[in-house]
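A quick write-up on the structure given underneath.
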Amino acid sequence: ARAFVVGHPIRHSRSPLIHGHWLAEHGLAGTYERLDVAPDDFAAFFRALPASGFAGGNVTIPHKEAAFRLADSLTERAKKIGAVNTLIVEGGRVRGDNTDAPGFIAHLDRSLGEGWPERTGGTALVLGAGGAARAIVVGLVERGMRVRVANRSPERARALAELDPGHVEALAWEAVPAALSETGLLVNTTSLGMAGHPPLALDLAPLPERAAVADIVYVPLETPLLAAARARGLAAVDGLGMLLHQAVPGFFAWFGLRPEVTPELREKIVADLVAR
Ligand code: SKM
């Protein structure tokens, strides 16, 4: 089978490395290609998929919302999140799924051990309200967490909270420091702390002992936020795991085999992150 990752730009994507690793590991004769498609060309690209010979592919920035609108059918999770990152071509139709949410949750299960929703006290604070935040909030609510969302522009946080008003609440950006003492899981989905961006300026001292801190930024792997969490003795969850785990359901759908996120795969991607 043939699969792809489509985005614009796409050079930075590590998905070909991840899927290529699994194809080689299992001796499968598939391919996984990197496709750069500009926003103006995406609808035409999408409509050509059923006849293209591709079994499907991943969709990344800036096409996840367009893929959501263009898909012939959607999984429940994709409907809820309003964005698609995984396409499956079947019988001339294209199904859209979102694996960012289960990817993030699978990574938390691996890093913190199952039972983290209870152990961290059941309240998460998500910083940022973009597409990744939407997926993460949906994943956290599925695991029974109460979620607070804070964003620098408050309208987007309020819009995200409307997704599930019984479990999600918007918080003013200025209210974040005071909310830390009631936070069991702090998740950064903003670009703060990413290489070339300012760090997230937040004193983690008020977080409870049992709290964990997660970042979805993976360049650098150890963001200033995660370093501060570790310095305080808190569990720190880096952003690479989400990327690795979101790839699993797609590989399974296209190539028919459920791959493992092994330490060897992780080391390979880490080495590539350091080299580039
Ligand atoms: O959701 C993922 C997507 O499936 C692939 C990707 C990438 O290749 O960088 C990043 C995320 O958007």
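General observations
- Mean sequence separation of contacting Cα pairs (under 8 Å, at least six apart), scaled by the length of the chain, corresponds to a relative contact order of 16 percent.
- Prolate/oblate/rounded label for the stretch 102-238 (Cα gyration tensor, a/c 1.5): rounded
- A 1.4 Å probe, protein heavy atoms only, puts the accessible area of Ile88 near 10 Å².
- The charge dipole of the chain, taken about its Cα centre with unit charges on the Cβ atoms of Lys, Arg (+1), Asp and Glu (-1) only, comes to about 220 debye.
- In the chain, a dipole from Cβ-located charges (positive for Lys and Arg, negative for Asp and Glu) runs towards its positive end, and of Ala83, Pro224, Ala48 it is Ala48 whose Cα lies farthest in that direction.
- Between Leu273 and Arg11, the simple spin-label model (points 7 angstrom out along Cα→Cβ) gives 2.0 nm.
- Distance between modelled label sites at Phe252 and Arg119, nm, 7 Å Cα→Cβ extension: 2.3 nm
- As a rough guide to protection, the peptides 127-134, 76-83 ranked by mean Cβ packing within 10 Å, highest first, stand as 127-134, 76-83.
- All Cα pairs of the chain, percent lying beyond 30 Å: 29 percent
- Charged-residue dipole, Cβ positions (Lys, Arg, Asp, Glu), the stretch 102-238 about Cα centre, Debye nearest 20: 60 debye
- Per residue, the stretch 143-210 exposes an accessible area of 52 Å² to a 1.4 Å probe, with every protein chain left in place.
- Whole-percent carbon and sulfur share, accessible surface of the stretch 102-238, 1.4 Å: 53 percent
The values are calculated or read from the model by the stated rules, or taken from the named source; none is laboratory data. Note that the coordinates shown come from a computational prediction; the quantities given were computed from them, not determined experimentally. Virtual Cβ from ideal backbone geometry, glycine too; neighbours counted across all protein chains shown. Areas reflect the complete protein model, heavy atoms only, side chains present, ligands, DNA and RNA absent. Shrake-Rupley method; radii C 1.70, N 1.55, O 1.52, S 1.80 Å.
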